[in-house]
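Colleague: First the structure, then my questions, so here it is.
The values are calculated or read from the model by the stated rules, or taken from the named source; none is laboratory data. The model shown is predicted, which means the values in this text are computed figures rather than measured ones. We place every Cβ from the backbone using ideal geometry, glycine too, and count neighbours over all the protein chains shown.
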Amino acid sequence: MTEKCAWVTLATNDSYCLGALVLAHSLRKVATKHNLVVLITPGVTDVMKDRLQSVFSEVITVDVLDSKDAAHLALLSRPELGITFTKIHCWTLIQYQKCVFLDADTLVFKNCDELFEREELSAAPDVGWPDCFNSGVFVFQPSNETFDALVKFAQEKGSFDGGDQGLLNQFFSGWAREDIKKHLPFAYNVCTTAFYSYLPALKQYGSDMKIMHFIGNLKPWLQKFNWSSRSVAEESHLQAPLQYWWDIFLDKVHPCLDSAMAGLAGSLSQLSIGSSEQGSAVEEHLRRQGWEAGNIDYMGADAFSNIWAKISQTLSSPPAQAPPSPPSTPAPSTPPVTQAVVPVAAPVETPVVAPPVETPVVAPPAVSATPVASTPPVETPKEVVPSVVKPVVVSPSIPEEKVPKKDEPSAVPPKAASQEAQTGAKDSKVSEDIGEETQL
């Protein structure tokens, strides 16, 4: 075969680059004769890009194509699939005549170079709907015309599932009926979710598997792994393929990781084989990744009792840290409280005592001619009354004939005085007569 061909994969971040690196080494292990190409987005760090270049024939940075189709993606509960539209950039690799695309979460067990003899678009049926093909593995022919047509189709009609699989199935809509030769055997794209519904077939045909696809949340780097024994933590029907993935990772990928890498790759770089303490830290990181992917261990570490215990510990931690604080802390806190009370009380007392009391006491005597006897109702403070009344008595503005003084004799004429005296005598006489009649 004289055509220039390549295996192509896509990695949008450093965590998916872990899968891409293991995939590349698995292809090398089966002695493929074709080039290895990885498409990456700007989200991949430079240090990870250097590691990719040491394994792949080409590392090509492409722009991110996002479907922006939140409504359809919600039906799949997989909003992160929008970015997988970036996959259609593989049609721009026109330096190759034929390519086979593999998702970064696939693993090759046997040489599959015969796939390059297939035509575009060849793929295996999807386990969820066999009349659709699974876009994790497919044969295609690079072409700028096809790329432009795919972009236009995506803009006009979108994708029935919001991701690349829906788009490609709509674009290559004749796959289900037109040419049976474009239907790849399931052995070229064995989806792990199929095992739960058809385990007997796995036992019968499992030895013929060539490519496994760890679909959904069953990514190998998200599964539990015993770093001390270098073995898969839990026994299951996936134990053998998962162990193979981890064997390649520990031998070929892990020694090349760097702490400057992002996400899980950076965490795994700090892990020494056989160290359980560091393994627990990475396990916590894997748990967070699992939560984001919907892989939640409700019966184990993520049980409600453990979550509630963590919440209670977090809520009770602040009071526990308060006593160790230095003794000098309470002292400065007391003065600010006292100073805050005094300024508030002062403005209330000042206007009540000084100005309002003195002003009404002094003003009325200066204007009114009322006798001095009318002033007692104002003598609230006893010390103030004498000082206020004294100036009123001696005030030069009040004439002596209108306001008589208590110490001087009245200015009544003598004749009127004698008449008043006589009247008083008559009154006393009448009183005496009344008293005598009462005694009788």
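Colleague: What's the number of the only condition in (1) over 27 Å from LEU218 (Cα atoms); (2) in a loop (DSSP other than H, G, I, E, B) that TRP129 fails to meet?
Modeller: All conditions pass for TRP129, except number (1).
Colleague: Moving on to the next point. Would you list the helices (runs of 4 or more DSSP H) that sit entirely within region 1-79 and hold 3 or more residues that are over 30 Å from TRP129 (Cβ atoms), free of Cβ contacts under 8 Å to residues at least 40 places away in the same chain and under 33 Å from the mean Cα position of the chain (by Cα)?
Modeller: Correct list: 46-53.
Colleague: Here is a further query. Could you please let me know if ASP148 is crowded, with 17+ Cβ neighbours inside 10 Å, of a type outside the set (A, V, I, L, M, F, W, C) and either modelled with pLDDT of 95 or more or within 22 Å of LEU93 (Cβ to Cβ) (or both)?
Modeller: no
Colleague: Among LYS152, LYS110, which is of a type in the set (D, E, K, R), out of contact with any helix residue (DSSP H, G or I) (no Cβ under 7 Å at 6 or more places or on another chain) and free of Cβ contacts under 8 Å to residues at least 60 places away in the same chain?
Modeller: LYS152
Colleague: A further question follows. Mind listing whichever residues of region 234-249 are under 35 Å from the mean Cα position of the chain (by Cα) and surrounded by 14 or more Cβ atoms within 10 Å (Cβ to Cβ)?
Modeller: Residues satisfying the conditions are LEU238, LEU242, TRP245, TRP246, PHE249.
Colleague: Now for a different question. Could you grab me the full set of residues in region 179-195 that are touching a Ser or Thr at 6+ places or on another chain (Cβ under 6 Å) and assigned to a loop (DSSP other than H, G, I, E, B)?
Modeller: LEU184 - this is the single residue of region 179-195 that is touching a Ser or Thr at 6+ places or on another chain (Cβ under 6 Å) and assigned to a loop (DSSP other than H, G, I, E, B).
Yes/no matrix, rows are residues, columns are (1) buried (at least 22 other Cβ atoms within 10 Å of the Cβ); (2) of a type outside the set (Gly, Ala, Ser):
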residue	(1), (2)
ASN13	no, yes
ALA20	yes, no
VAL47	no, yes
SER57	no, no
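Colleague: Quick one: in region 103-113, which of the residues that are closer than 15 Å to THR192 by Cα and of a type outside the set (Asp, Glu) is surrounded by the fewest Cβ atoms within 10 Å (Cβ to Cβ)?
Modeller: Checking each candidate, the answer is PHE109.
Colleague: Pull up region 211-222, narrow it to residues that are hydrophobic (A, V, I, L, M, F, W, C), outside any loop (DSSP other than H, G, I, E, B) and within 28 Å of the chain's Cα centre (by Cα), then point me to the one that is farthest from ALA104 (Cα to Cα).
Modeller: Among residues in region 211-222 that are hydrophobic (A, V, I, L, M, F, W, C), outside any loop (DSSP other than H, G, I, E, B) and within 28 Å of the chain's Cα centre (by Cα), the one farthest from ALA104 (Cα to Cα) is LEU222.
Colleague: Quick one: is ASP161 of a type in the set (D, E, K, R), surrounded by 15 or more Cβ atoms within 10 Å (Cβ to Cβ) and in contact (Cβ under 8 Å) with a residue 40 or more places away in the chain?
Modeller: Criteria met by ASP161.
Colleague: Can you find, within region 114-144, the residue that is surrounded by the most Cβ atoms within 10 Å (Cβ to Cβ) among those that are β-branched (Val, Ile, Thr) and either touching a Lys or Arg at 6+ places or on another chain (Cβ under 7 Å) or closer than 24 Å to VAL30 by Cα (or both)?
Modeller: VAL137
Colleague: Got a sec? Which of SER272, SER259, SER267, SER280 is modelled with pLDDT under 65 and polar (S, T, N, Q)?
Modeller: Testing whether each residue is modelled with pLDDT under 65 and polar (S, T, N, Q) leaves just SER280.
Colleague: Go through region 148-178 and report how many residues are farther than 24 Å from SER77 by Cα, assigned to a loop (DSSP other than H, G, I, E, B) and not aromatic (Phe, Trp, Tyr).
Modeller: 5
Colleague: So, of the residues in region 85-126 that are within 37 Å of the chain's Cα centre (by Cα) and assigned to a helix (DSSP H, G or I), which turns out to be nearest to LEU36 (Cα to Cα)?
Modeller: CYS90
Colleague: Being closer than 13 Å to LEU184 by Cα, touching a residue at least 24 places away in the same chain (Cβ under 8 Å) and of a type in the set (Gly, Ala, Ser) narrows it down to one residue among SER135, SER143; which is it?
Modeller: Among SER135, SER143, only SER135 is closer than 13 Å to LEU184 by Cα, touching a residue at least 24 places away in the same chain (Cβ under 8 Å) and of a type in the set (Gly, Ala, Ser).
Colleague: When region 223-250 is examined, which residues are found to be part of a helix (DSSP H, G or I), in contact (Cβ under 8 Å) with a residue 60 or more places away in the chain and either out of contact with any Lys or Arg (no Cβ under 9 Å at 6 or more places or on another chain) or of a type in the set (D, E, K, R) (or both)?
Modeller: PRO241, TYR244, TRP245, PHE249
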